[in-house]
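Chemist: Below is a structure I'd like to ask you about.
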Amino acid sequence: AITRDALLHWFNLMQPDGWIPREHFIGGEARRHIEARWWTQNPTHANPPTLMLALEALMDVGEAPNDFLKCLQPKLAVWLDWFRRTQKGHALYSYRWSGRVVTEGISHTLSSGLDDYPRSNMTNTLRDRHVDLLSWVAT
């Protein structure tokens with residue numbers, strides 16, 4: 001029950017376009033403990049859709065009743081559409097993590113969740129393709 005509640009909570013935070021903000025600061029005290037550079041979030045930057053892992057686990061053990069799934073289905077459809085639309089690569093059937101930044105000559109794709117995953121520093125946004133993201137979207 002708690003996992004279903006947590007999933008519903010996250011999906012209820014979804015914006016109309018399908019974006020689910022990664023960080024939620026509740027009150028000034030919480031903000032004091034987080035560097036200001038992390039406050040701003042970009043609605044085109046996606047994080048790995050790990051909420052699907054929790055949903056899959058619920059389904060595997062029979063803890064996802066039909067009424068729960070019917071409630072989530074429209075939200076999942078909007079979220080997946082947003083994900084595919086905002087992370088789509090320029091090449092056919094390709095995906096790339098948006099939001100790559102270069103710091104001190106090193107490319108970082110923080111939104112991928114794999115901050116230290118080896119990625120080329122020789123980037124070209126027209127040619128970027130990230131197999132880890134393709135794996136998420138294809139499953």
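The values are calculated or read from the model by the stated rules, or taken from the named source; none is laboratory data. Here the structure is a predicted model, which means the values were calculated and not measured. Backbone-built Cβ (ideal geometry, glycine too); neighbour counts: all protein chains shown. Heavy atoms of the whole protein, side chains included, go into the accessibility calculation; ligands, DNA and RNA do not. Shrake-Rupley method; radii C 1.70, N 1.55, O 1.52, S 1.80 Å.
Chemist: Let me spell it out: the conditions are (1) surrounded by fewer than 15 Cβ atoms within 10 Å (Cβ to Cβ); (2) out of contact with any His (no Cβ under 8 Å at 6 or more places or on another chain), and Leu7 meets all of them except one. Which number is the exception?
Modeler: (1)
Chemist: Being open to solvent by 70 Å² or more (accessible area, probe 1.4 Å) and touching a residue at least 12 places away in the same chain (Cβ under 8 Å) is the filter here, so list the residues in the stretch 53-69 that pass it.
Modeler: First, the residues of the stretch 53-69 that are open to solvent by 70 Å² or more (accessible area, probe 1.4 Å): 53, 56, 59-61, 63, 66-67.
Across the stretch 53-69, the qualifying residue is only Glu63.
Chemist: Still on this model: Looking at (1) open to solvent by less than 50 Å² (accessible area, probe 1.4 Å); (2) on the phi > 0 side of the Ramachandran plot; (3) more than 16 Å from the chain's Cα centre (by Cα); (4) not hydroxyl-bearing (Ser, Thr, Tyr), can you tell me which one Gly99 breaks?
Modeler: (3)
Chemist: Confirm whether Trp79 is more than 20 Å from Asp128 (Cα to Cα), part of a helix (DSSP H, G or I), of a type in the set (Phe, Trp, Tyr) and open to solvent by 70 Å² or more (accessible area, probe 1.4 Å). Reasoning before the result, please.
Modeler: Details: more than 20 Å from Asp128 (Cα to Cα): yes; part of a helix (DSSP H, G or I): yes; of a type in the set (Phe, Trp, Tyr): yes; open to solvent by 70 Å² or more (accessible area, probe 1.4 Å): no.
So Trp79 fails the test.
Chemist: So, in the stretch 40-52, of the ones that are in contact with a helix residue (DSSP H, G or I) (Cβ under 7 Å, 6 or more places away or on another chain) and part of a loop (DSSP other than H, G, I, E, B), which residue ends up surrounded by the fewest Cβ atoms within 10 Å (Cβ to Cβ)? Break it down into steps so the answer makes sense when it comes.
Modeler: Of all residues in the stretch 40-52, those in contact with a helix residue (DSSP H, G or I) (Cβ under 7 Å, 6 or more places away or on another chain) come to 44-49, 51.
Now narrow it down to the ones that are part of a loop (DSSP other than H, G, I, E, B): 44-49.
Numbers: Thr44: 14, His45: 19, Ala46: 27, Asn47: 17, Pro48: 17, Pro49: 17.
For the stretch 40-52, the residue satisfying everything is Thr44.
Chemist: Which one of these does Ile20 not meet: (1) in a helix (DSSP H, G or I); (2) at pLDDT 90 or above?
Modeler: (1)
Chemist: Give me the pairs, please: first residue somewhere in the stretch 70-93 and over 17 Å from Leu55 (Cβ atoms), second residue anywhere and in a helix (DSSP H, G or I), beta-carbon distance under 7 Å, and either six or more positions apart or on two chains.
Modeler: From residues that are over 17 Å from Leu55 (Cβ atoms), the pairs are Arg84/Val137; Gln87/Leu133.
Chemist: Do we find a residue being under 28 Å from Leu58 (Cβ atoms) and at pLDDT 85 or above anywhere in the stretch 108-119?
Modeler: no
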